[in-house]
Amino acid sequence: MVTLQKIDEWLKEVEARPESASLIVKFIAERLRELSARNEELLAENILLQSGEQVAEYKQRIEHLEYQLELLKRRYAIGDDALIEMGTLPAWDTSISLLVYNAKAWVIKIDLDLTEDHGEGLSGVLSREFISSEEAPRLLGVSAREELLFLFTSGRVSTHPVTDIPGVPKDGQWEMAQAALPQEIHAGERLAALVPVGPLPVSDFFLQVSRRGCIKKTMTSMAQTVLSNHFLGKGIVQKADQPFELAFGRKGELLVLVTWEGNVLGLDLDGLSYAVEERIKLTATDHVVSACIIHPDETLLVLTQTGKVLQRTYDSFRPVRSLQSKGQPLIPPPRREQGVRAIGALPVRETDRVVILHSDGKLTLHQARELTGAGALLTNSSLLAFTGFPAPGVESKRP
């Protein structure tokens, strides 16, 4: 700050020591340039305010903050007048929405009451038309309070509340005609992933993973731009590749990749680049079937199409920083040669519930502790996909 008192001091300095005049003049000139630049910035901002552009930007920021606040309220199950201890989620709902979806963005929603005894399976069966598409359907179990983020292979994203998706009866045969299409699919694109958007306000990164193991990390501070423009990007290097999974992560967490041929790789989120990078070396016939964040109190549950149950503890992962690592083999070479393949992976706790989709259309419900202790699942049909969620009444520490 240049004051009149400061100017008087400079004048006295010049009178006392004339040789310092040039230095003082240079300082004043530099300060004038700074003030002139700042004046230009203020003038430009004033013009934007007068034209309404800056006002519109501020409104968008406010709307995005209100949206994130609403997500937090839903996730922590609180009202405007409620106070909670942040960092601990409430007990999981006694009912969940089980979503079965395919690459064409068709979704079947089955509402389950977890306090009911479903035995080892659900009473309904998916029609062969729904499960015999080009790609096997995928499963997702979420709270009815959640909002979903749709990621398409074009890099486009869109959000949709779970409550706005019509459900189907709990029994009978679930036909393709009963499926909902919450988001219209654009020409040339497919649905890559469906994820709950609830963790967004407490996360640091969007994590995109492609079928060929490319990873792109994006700061969630860009969420306003991403959601308003409905675009996150493809996150791929090779043209033949396509987006596969989207996850939310925080600093210091561990990302695990599992491939179809049974390799597993752990990656430290802090070591990932914001540019797209190929982080796992795959054979020409291999591809990623799961990309998930695992926490210290969880075990990675991996299933094969034959019903074999594989597992890895959090402590067994050593984060790999080098590019193009092959990862560690999960399926022994003899089994791999026999055609045994991994269908996916899921981080679970002992009390979690797991729903498995079979190739005959049946959906079976299991406790995670039973699967991890069994070593294999007795089944008359091959397995296609599975998902998990906390048991009712169990407090969750997950972000």
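The values are calculated or read from the model by the stated rules, or taken from the named source; none is laboratory data. Not measured: the values here are computed from a predicted model. Here the Cβ is made from the backbone with ideal geometry for all residues, glycine too, and neighbour counts use every protein chain on show.
Enumerate the pairs (first residue in region 145-162 and hydroxyl-bearing (S, T, Y); second residue anywhere and buried (at least 18 other Cβ atoms within 10 Å of the Cβ) and not in a strand (DSSP E or B)) with beta-carbon separation below 8 Å, excluding pairs fewer than 6 apart on the same chain, so at least 6 apart or on different chains.
Correct list of pairs: T153/K234; T153/Q242; S154/K234; S158/Q183; T159/V197; T159/L227.
If we scan region 182-189, do we find a residue that is among the charged types (D, E, K, R) and either not assigned by TED's automatic domain parsing to the domain that holds A342 or not in a loop (DSSP other than H, G, I, E, B) (or both)? If you could, list the steps in order and put the result at the bottom.
Of all residues in region 182-189, those among the charged types (D, E, K, R) come to 184, 189.
Now drop any that are not either not assigned by TED's automatic domain parsing to the domain that holds A342 or not in a loop (DSSP other than H, G, I, E, B) (or both), which leaves none.
No, that holds for no residue.
Starting from region 270-297, take each residue that is assigned by TED's automatic domain parsing to the domain that holds P347 and under 16 Å from F244 (Cα atoms) and list its partners that are surrounded by fewer than 17 Cβ atoms within 10 Å (Cβ to Cβ) and β-branched (V, I, T), counting only C-beta distances under 9 angstrom and pairs at least six apart or across chains.
V276/V237; E277/V237; E278/V237
Kindly evaluate T387 against the criterion of being in a loop (DSSP other than H, G, I, E, B) and among the β-branched types (V, I, T). Explain how you work it out, then say what you get.
Values: in a loop (DSSP other than H, G, I, E, B): no; among the β-branched types (V, I, T): yes.
Judged against the criteria, T387 is not a match.
For P243, state whether it is within 28 Å of S143 (Cα to Cα) and modelled with pLDDT under 95. Steps first, answer last, please.
Details: within 28 Å of S143 (Cα to Cα): yes; modelled with pLDDT under 95: no.
Answer is no for this residue.
Would you check if I108 is more than 24 Å from L257 (Cβ to Cβ), in the same structural domain as I280 (by TED's automatic domain parsing) and not basic (K, R)? Can you show your working first?
Numbers: more than 24 Å from L257 (Cβ to Cβ): yes; in the same structural domain as I280 (by TED's automatic domain parsing): yes; not basic (K, R): yes.
Judged against the criteria, I108 is a match.
Need pairs with beta-carbon distance below 7 Å; first residue at negative phi and within region 231-256, second of a type in the set (K, R) and not in a loop (DSSP other than H, G, I, E, B); sequence gap 6+ or separate chains.
Matching pairs, first to second residue: F231/R156.
Quick one: G167 ticks every box in (1) closer than 22 Å to L267 by Cβ; (2) more than 14 Å from the chain's Cα centre (by Cα); (3) not charged (D, E, K, R) bar one, so which box is it?
If we test G167 against (1) closer than 22 Å to L267 by Cβ; (2) more than 14 Å from the chain's Cα centre (by Cα); (3) not charged (D, E, K, R), just (1) comes out false.
Please count how many residues of region 345-384 are touching an Asp or Glu at 6+ places or on another chain (Cβ under 8 Å) and either closer than 21 Å to W260 by Cβ or in a helix (DSSP H, G or I) (or both).
To start, the set of residues in region 345-384 that are touching an Asp or Glu at 6+ places or on another chain (Cβ under 8 Å) comprises 347-349, 364-369, 372, 380-381.
Imposing the further condition that a residue be either closer than 21 Å to W260 by Cβ or in a helix (DSSP H, G or I) (or both) reduces the set to 347-348, 368-369, 372, 381.
Counting residues in region 345-384 that are touching an Asp or Glu at 6+ places or on another chain (Cβ under 8 Å) and either closer than 21 Å to W260 by Cβ or in a helix (DSSP H, G or I) (or both) gives 6.
Answer with yes or no whether L310 is surrounded by fewer than 20 Cβ atoms within 10 Å (Cβ to Cβ) and hydrophobic (A, V, I, L, M, F, W, C). First the steps, then the outcome.
Numbers: surrounded by fewer than 20 Cβ atoms within 10 Å (Cβ to Cβ): yes; hydrophobic (A, V, I, L, M, F, W, C): yes.
Against the criterion (surrounded by fewer than 20 Cβ atoms within 10 Å (Cβ to Cβ) and hydrophobic (A, V, I, L, M, F, W, C)), L310 qualifies.
From the residues in region 222-235 that are surrounded by fewer than 22 Cβ atoms within 10 Å (Cβ to Cβ) and among the aliphatic types (A, V, I, L, M), which one is nearest to L200 (Cα to Cα)?
Across region 222-235, the extreme among qualifying residues is A223.
Give the residue, chosen from E85, E120, that is of a type outside the set (V, I, T), in contact with a strand residue (DSSP E or B) (Cβ under 7 Å, 6 or more places away or on another chain), over 23 Å from L227 (Cβ atoms) and at pLDDT below 75.
Every option except E120 fails the conditions.
Looking only at region 138-159, decide whether some residue is in the same structural domain as L265 (by TED's automatic domain parsing), assigned to a strand (DSSP E or B) and over 17 Å from L246 (Cβ atoms).
So the first thing to find is which residues in region 138-159 are in the same structural domain as L265 (by TED's automatic domain parsing), and the list is 138-159.
With assigned to a strand (DSSP E or B) added as a condition, the list becomes 138-142, 147-152, 156-159.
Now restrict to residues that are over 17 Å from L246 (Cβ atoms): none.
Scanning region 138-159 turns up no residue that is in the same structural domain as L265 (by TED's automatic domain parsing), assigned to a strand (DSSP E or B) and over 17 Å from L246 (Cβ atoms).
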